[in-house]
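The values are calculated or read from the model by the stated rules, or taken from the named source; none is laboratory data. Predicted model only: the values in this text are computed from it and were never measured. Glycine also receives a Cβ, built like all others from the backbone with ideal geometry; neighbour counts cover every protein chain displayed. Only protein heavy atoms, including side chains, enter the accessible area calculation; ligands, DNA and RNA are left aside. Shrake-Rupley method; radii C 1.70, N 1.55, O 1.52, S 1.80 Å.
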Amino acid sequence: MRKAIYPGSFDPVTYGHMDIIERSAKIFDELIVAVLNNQLKTSLFSVEERVNILKELLREHENISVVSYDGLLVDACNGFGAHVIVRGLRAVTDFEYELQMSQTNRKLAESKVDTVFLTTDLRYAYLSSSTVKEVAYFGGDISEFVPEMVAELTYQKFKKG
Ligand code: ADP
């Protein structure tokens with residue numbers, strides 16, 4: 001059983017993330033999408049909201065589950081029984097940080113965890129959650145960046161604020 005974990009903030013989930021999720025679910029028998037509950041970072045959506053959004057969007061995929069985690073990613077891998085971490089690469093700018101993280105995680109996990117990188121679909125190469133939030137904040141159109149449900153919820157957040 002090839003089980004992988006795809007960790008991230010997903011604040012909010014974009015079509016770039018969805019593409020990596022759907023492609024990974026074809027490569028691995030089981031994919032765990034793990035939402036990071038990062039106490040040090042302020043997020044637009046709570047971790048519960050992010051988990052619920054992903055669950056709703058992915059409900060038809062039988063081999064994908066959505067969870068949250070905090071603390072070290074390697075501990076989450078151990079807890080969920082995953083030996084592979086999936087990460088997406090958009091550009092060279094992602095590479096340096098991702099390389100360092102993958103080596104750190106491999107060291108922490110005593111070589112029991114490897115990171116697999118999927119390169120972004122070119123349609124989404126420019127997309128990031130922070131850009132989506134910025135465009136939505138100023139009332140711009142984010143319909144090509146995120147699923148409809150995510151767009152509505154993102155606009156609602158800024159209306160309330
Ligand atoms: P993190 O805070 O862990 O970087 P993100 O939610 O920003 O969390 O990203 C999670 C993963 O998805 C990272 O590996 C990131 O490089 C990847 N990713 C983000 N946006 C895209 C995109 N447009 N195309 C491909 N991969 C992406």
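Figures for the structure shown
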{"read-out": "Subset of segment 1-20 (residues that are under 20 Å from Asp70 (Cα atoms) and not β-branched (Val, Ile, Thr))", "value": "Lys3, Ala4, Tyr6, Pro7, Gly8, Ser9, Phe10, Asp11, Pro12, His17"}
{"read-out": "In segment 139-151, the residues that are acidic (Asp, Glu) and either within 13 Å of the ligand (Cβ to nearest atom) or within 16 Å of Glu22 (Cα to Cα) (or both)", "value": "Glu144"}
{"read-out": "Only listed residue being of a type outside the set (Phe, Trp, Tyr) and modelled with pLDDT under 95, chosen from Thr120, Thr154", "value": "Thr120"}
{"read-out": "Residue in segment 64-71 that is in contact (Cβ under 8 Å) with a residue 60 or more places away in the chain and touching a Leu at 6+ places or on another chain (Cβ under 9 Å) present", "value": "yes"}
{"read-out": "Every residue from segment 124-138 that is over 12 Å from Thr154 (Cβ atoms) and either within 7 Å of the ligand (Cβ to nearest atom) or open to solvent by less than 50 Å² (accessible area, probe 1.4 Å) (or both)", "value": "Tyr124, Ala125, Leu127, Ser128"}
{"read-out": "Cβ pairs under 7 Å, 6+ apart, first in segment 121-139 and closer than 15 Å to Arg87 by Cα, second assigned to a helix (DSSP H, G or I) and open to solvent by less than 40 Å² (accessible area, probe 1.4 Å)", "value": "Asp121/Asp19; Tyr124/Gly16; Tyr124/Asp19; Leu127/Gly16"}
{"read-out": "Index of the failed condition, Pro12 passing every other in (1) open to solvent by 20 Å² or more (accessible area, probe 1.4 Å); (2) within 19 Å of Val146 (Cβ to Cβ)", "value": "(1)"}
{"read-out": "Filter pass, Asp29 being among the acidic types (Asp, Glu) and buried (at least 20 other Cβ atoms within 10 Å of the Cβ)", "value": "no"}
{"read-out": "Selected residue (criterion: most open to solvent (accessible area, probe 1.4 Å)) from residues of segment 140-161 that are assigned to a helix (DSSP H, G or I), without any contact (Cβ under 8 Å) to a residue 24 or more places away in the chain and not charged (D, E, K, R)", "value": "Gln156"}
{"read-out": "Qualifying residue in segment 104-116 (condition: within 9 Å of the ligand (Cβ to nearest atom) and either surrounded by 12 or more Cβ atoms within 10 Å (Cβ to Cβ) or not aromatic (Phe, Trp, Tyr) (or both))", "value": "no"}
